[in-house]
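The values are calculated or read from the model by the stated rules, or taken from the named source; none is laboratory data. Quick caveat: nothing in here was measured; it's all calculated off a predicted structure. Don't worry about glycine lacking a Cβ; one is built from the backbone with ideal geometry, like all the others, and counts go over all protein chains shown.
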Amino acid sequence: MSIRTFRGGVHPPERKDRSQGTPIERVTSVPQVVIPVNQHFGAPIQPLVKVGEYVKAGQKVADAEGRMTVPVHASVAGVVKKIEPRMQSNNTEGLCIVIEPKDPPEGESAQDYMLPLDPFACSKEEALARIRAAGIVGMGGAGFPAHVKLAPTKPISYVIANAAECEPYLTIDERALLEIPEKVVDGVVIVMKTVNAPEGVIAIEENKKHAIPYVQKAIDENPQVKAGMKIRIQELRTKYPQGGEKMLITAITGRQVPSGGLPMDVGCVVSNVGTLCAIAEAFREGKPLIERGFTVTGGACKTPKNLVAPVGTLVSDLAKAGIVEIDDQSLGKVIFGGPMMGVALPSYEIPVQKNTSGVLLMSEQEAVQYEEDTCIRCGRCIRACPTSIFPALLAIAIESGNYAEAEKIGLMDCIECGTCSFVCPAHRHLVQRFRVGKQVLRALKQKEAQNVR
């Protein structure tokens, strides 16, 4: 098997050894859940429940009409205690539904799942409706509605399972490959059927090659594969950001997503391991996306673990229960996600969301911040950029307020992976500039469109 990769990229310290040998542990009891109402990329939704109302696990508690909406479900059975703004994992306040667990009335079930649905005996429309009804979003970080991604308007040649997990520290996807590979493969065949793709590829970085025999066995034993479906494993070079959609597609197929384009433009659909497992559960068990797996690790975490917990679980409650032991004296930074693309937060009293792949409790040594200096025109950022844009020139355009030039250089093609900032000897805050630049450019375009009207 040839090992493939992409142009550019970097090799940050992996630091996966702290948690990669730890089997997935299920959190079965929490004192409360704080469920953000809006956990997806798209139009906002609204609560469907009221304070004081009893809800069952799996019951829909927020939704709205619209293609770019995804419902949210109660992750535990209990009583709605509050509906109020709370701090979320994107470092902004948003409306949250606070539920206190409570047993149901005698003789009633604590669950409100859907009936199982055979993905190979239903129509594409029924499959997409089930995926939306289950509240499934991209669980690798983006939170894009899965039912929209899996309704491409162009023919699909490949379904790619993103098992690269290229972010340092994070190991939850690796554990899924080792512990529940059959569920990952089941998710792949369901997506292949939904988008009518002839081939599935499970992409695994070479630092996880020990998981390949487990995944291959699951492929060989899958009934749909035995019936003729084609799935293969592709080993990839360990390099960041190998897990980026565009990087995966280039490495596996040789195709390049055009500027401003989508994976479907080159006949591909890419789904994260967690998303695939959630899709399998939605069909086989009728289970909505009410819990997720994530890694808790870092220099200030005394007990690095891979957990599955209800959506809305506060990390602070995990600490209080002794499930995770945190050294508050050495804690320097809290990051939800990975160290390269995650979001730094003011505390760990934050709920786990559908797109939370990891919680990093970094020590002061790990979280050291360097003083920013002036660009020395070394070109390292240009060589490292996986999307072939010129980060140094892009930063100059944004700093000078020339957003037309920034767009021309490729601002909107930036995937905010952080490779440019990582290699910069002047410690320039390049990604932060690009994020702000995108916001300003969108606002300018919106204003321009309004003026045209």
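Annotation: THR153 fulfils all but one of (1) assigned to a loop (DSSP other than H, G, I, E, B); (2) among the β-branched types (Val, Ile, Thr); (3) in contact with a Leu (Cβ under 6 Å, 6 or more places away or on another chain); the unmet one is (3).
Mind listing whichever residues of the range 37-51 are basic (Lys, Arg) and free of Cβ contacts under 8 Å to residues at least 24 places away in the same chain? None - no residue of the range 37-51 is basic (Lys, Arg) and free of Cβ contacts under 8 Å to residues at least 24 places away in the same chain, so the list stays empty. Restricting the range 254-292 to residues that are under 30 Å from ALA121 (Cα atoms) and hydroxyl-bearing (Ser, Thr, Tyr) leaves a set whose member that is surrounded by the most Cβ atoms within 10 Å (Cβ to Cβ) is THR275.
To keep it simple, each residue is scored yes or no on (1) free of Cβ contacts under 8 Å to residues at least 40 places away in the same chain; (2) more than 30 Å from VAL308 (Cα to Cα).
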position	(1), (2)
LEU361	no, no
GLN369	yes, yes
CYS375	no, yes
LEU393	yes, yes
SER400	yes, yes
TYR403	no, yes
LYS408	yes, yes
GLU416	no, no
PRO425	no, yes
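Per this entry, SER271 is counted among residues that are of a type in the set (S, T, N, Q), touching a residue at least 24 places away in the same chain (Cβ under 8 Å) and under 28 Å from ALA129 (Cβ atoms). Restricted to strands (runs of 3 or more DSSP E) entirely inside the range 186-275, those with at least 2 residues that are closer than 21 Å to GLY358 by Cβ are 199-205, 268-272. Selection within the range 118-134: residues that are among the aliphatic types (A, V, I, L, M) and within 25 Å of the chain's Cα centre (by Cα). The member of this set that is farthest from GLU65 (Cα to Cα) is ALA127. For the range 138-160, the tally of residues that are more than 16 Å from VAL184 (Cα to Cα) and among the aliphatic types (A, V, I, L, M) stands at 5.
Of the residues in the range 29-38, at least one is over 24 Å from GLY143 (Cα atoms), out of contact with any strand residue (DSSP E or B) (no Cβ under 7 Å at 6 or more places or on another chain) and not basic (Lys, Arg). Restricting attention to the range 258-273, the residues that are at pLDDT 95 or above and touching a helix residue (DSSP H, G or I) at 6+ places or on another chain (Cβ under 7 Å) add up to 7.
Just so you know, in the range 184-206 the residues that are more than 27 Å from LYS124 (Cα to Cα) and within 20 Å of the chain's Cα centre (by Cα) include one that is surrounded by the fewest Cβ atoms within 10 Å (Cβ to Cβ), and it is GLU205.
No other residue among SER2, SER75, SER29, SER109 is of a type in the set (Ser, Thr, Tyr), assigned to a loop (DSSP other than H, G, I, E, B), surrounded by fewer than 14 Cβ atoms within 10 Å (Cβ to Cβ) and in contact with an Asp or Glu (Cβ under 9 Å, 6 or more places away or on another chain) apart from SER2.
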